[in-house]
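To start, the structure itself, in structure tokens.
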Amino acid sequence: MVTFNFVLTPEAAARIHDILVCLAKFSDSVSIEARRDKLVFTALNSSNSAYASFSLDGKKFFSQYECLPSNGGTEGRFTCGIYSKALLSVFKGRLDDARGKDTAIDRCEVSVQDRPDQTECRFVIKMVCKQGVTKTYKLTYESVEVMHALFDQNSAKNRWSIQSSLLKEYIEYFGPKTEQLDIYAEEGRAVFTSYTEKIMNGKEILKHPLHTAVAVNTSDFEEFNAQEKIHIIISVKDFKAIVIHADTLKTSLKAFYSQPNRPLQFSYTSAGMYCEFTLMTAGDYTEAPTPSGAPSIPGRANLRAQSAASERPESRNMRLEMPPPAVPASRASNRRLRKPGSAKRVISPKPAEADPDSLFVPADEEDHRWDPVDYRNSEETLGWDASGDSDAGIHPTFRDSGSLARTESEDSTDGLAPTQRISQIKGLW
Amino acid sequence: MRFKASIQNISTFTKLTASLNSLGPLAWVKLSENQACFTIIPEQGTQVWAYLRTQDTIFESYTIQSAADNIINLEVPLTSLTRALKSALQATSASIRLTKKDNIPLLALTIVTTSSGTSRGAFGTTTGTSNPDDAFGDEHEAGTGFDSAFGRDRETIVTQEVPVRVLSPETVSGLHEPRCREPDVHIMLPPLIQLKSISDRFTKLALVGAKSVGGSTVTAAVSSQRTRLEMAANMHGCLRLSIQSDAMNISSVWTGLSNPELDPSQVLGGEEGIREHPSTRMKELGSADGRSEEGWATVRIDGKDWGKVMSVGRLGGKVIACFCHEHALILYVYLPNDNGMDESVLTYYVSSYSA
């Protein structure tokens, strides 16, 4: 039996939302690890090459926090895994938005119902809204062994730190469909290059995504202490996810790494939050990578199952064979429910909100009205407002095609057709 | 083969490529000493031929060299080019050049920007001292940091590489600008934002009309539905946009537009040519209030295609429309420039449907 509950202010609930958006870009499921003094959200991607962790301080982050694990003293913990999308749909955006008066919450109470005498184990989230409305969500969870990436900061001699807002500017230059990010330093400049490694020929070449290099003076960094002329390659998608989240906290981001093909760590802190990302890198010391040279999928990060149970032999193997060869992804499936082929869908449901100072916004807003109208998903479709007619949604509507189509099954903005066909009238007689 | 230019007017160039991109993903770009021609020839729909003067408008210090009469033909993916140009909108300088990497030809944009990110370090210490007496001493100490935060050191260089395909002169030799008979009516269009919002609305109406007739509504079917708009103009400053279906007949009429005078030097046969010109005869028909049924030159266009054409409105140039009755509509979009001579022009060829 475990006692685990906490209370969040609206601001903290919004922070949780940002964390979940970020985690959802790494994995379909979020692992939660609660200890006496802190709560940790983690995610590990399907190829075990990227690990994200958000550690929330029990006293600073929460307005109330209590965790009494059933076993173990100070080292005891409660762990569970929840489907990211389910959790995200509870912590929707704008929780702390003063403008949305009806949806604004007063506080958020979370508790875990995990008792042998109850039939259901649930993760219970209560959104106590203003005006006396309380929304209660009960989510199912599975018990998991939380995996943590090990990272030896002492051996990571290369380090730099920079304002997240600057990095946010840089990632906006990157092409939308690029895959790799190469970090390289030379002659007082750090170069962030986003590109895609694909061998194409003929006309296909024109579909190749943009190759973007952003060269920054190392003096723009708060600290820059890294070896020059080494290429460190990570995934652009991971990097973007991290930078976008770091920018919501307006903090500075630190990077630690040793050499290519060894893990790299990004970290940043903000009031009661410690965020840490461990990413596997590729790359080399020599010149720019040849199109076929570097592996397109980074190797697996160094992982260890830090569960209360004894360390499993497989994970020990993993630590030895570093950098390890590709291991079947099924290894990871014992601790997570994942649909095959879902890796592509881990796109944030709420696109990152554009920075008001963002590079592209002013031009886009002004320019947008000139774009051709996309009639396929237009909200402003002409139709009858059938809201006053309660019958319309219930009775099937006749159509000329002869099929019975319920209007409610259609897009609600379609409404009813403005004219009644003669064939229908005949049918009614 | 060499091509290099600095981009003087990034915003216009970006808007131009964005407008062209709405008609098709690939452009044939013909670069020569005096002009850069951007051409979009989609499989279906409107063609654009855009001629840009290399001396003014967009480029500066434009240099080109090639074995084939200093002409370079390229096939350029417009989405990537537009995206790359967008990252230059806030740039202090930008240049474009043709280069090669791993045997792949590229258009490389080099963009120099100054970061607008929040300042730090030195700035914090100077503003942090509220005591004005100490400010001088502090500033002096933090001087180097201050420079690095706001001086040239803060420059960021962005390189965007757009893969392109070099086309041989033979490949493009078969491509010609469409020829068309002399137009019956030529007229200056009203502000395109007006025209676009009304035509978009009409197109929506056409789609809704088609839906209610078609029965089961499938969004995929929308793309194949016909959205015919009828556009007509007379030589008395009237433009009429209308939509007709079984259930409705709606039209919008603009009056008081101008019909530019023909320049005898530009018309075949000079003064005589103008007397014989179809538009001269059209002048005798119709009226300035647009109520007369005579004197209209009419074309039937596709509403969705027209919406893509109207995307050019973002450039803010003046537009002259030439109507060839029941045949074609040609739009000349003039890029705004200062000297008024030899303007850069985009020509849109919109064909008229028979029904």
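No value in this document is a laboratory result; all are computed from the given coordinates. Given the structure is predicted, the values throughout are model-derived calculations rather than measurements. So basically every Cβ, Gly included, is an ideal-geometry build from the backbone, and we count neighbours across all protein chains shown.
A few comments on the model shown:
- Whether region B:248-355 is rounded, prolate or oblate, judged on the alpha carbon gyration tensor where a/c under 1.5 counts as rounded: oblate
- Label separation (B:L268 vs A:K60): 8.1 nm, computed from points 7 Å beyond Cα along the C-beta direction.
- Contour minus Cα-Cα distance for B:S287 and B:Q244 (0.36 nm per residue): 13.2 nm
- Amide H within-cut-off set for A:R189, under 5 Å, with H built and near neighbours excluded: A:T218
- The GluC sites (Glu not before Pro) of region B:250-286 meeting both criteria, a DSSP state outside H, G, I, E and B (loop) and at most 11 other C-beta atoms within 10 angstrom of the site's C-beta, are B:E261, B:E284.
- Neighbouring partner chain Cβ atoms per residue of B:78-85, average, 10 Å criterion: 4
- Label-point separation, B:E326 to B:L167 (7 Å along Cα→Cβ), nm: 3.4
- Long-range amide H partners of A:E223 with built H, under 5 Å: A:S161
- Gained length - A:R122 relative to A:T3, 0.36 nm times residue gap less alpha-carbon distance: 41.6 nm
- Pairs of alpha carbons in region A:159-266 whose separation is greater than 17 Å (percent): 54
- Theoretical FRET efficiency, 1/(1+(r/R0)^6), r = Cβ-Cβ of B:S252 and A:V133, R0 30 Å, to 0.05: 0.05
- Gain in span if fully extended, A:T196 to A:Q153, counting 0.36 nm per residue against the direct Cα distance: 12.5 nm
- The mean count of C-beta atoms from other chains within 10 Å of the C-beta of residues in A:169-175, rounded to a whole number, is 5.
- Rough spin-label spacing in nm, given labels placed 7 Å along Cα→Cβ, for B:Y353 and A:T140: 5.1
- Each peptide in A:162-169, B:298-305 gets a packing score, the mean of other Cβ atoms within 10 Å over its residues, and the list from highest to lowest is A:162-169, B:298-305.
- Cross-link reach list, lysines versus A:K135, counting only Cα pairs under 22 Å and skipping chain neighbours closer than eight places: A:K85, A:K92, A:K101, A:K126, A:K350
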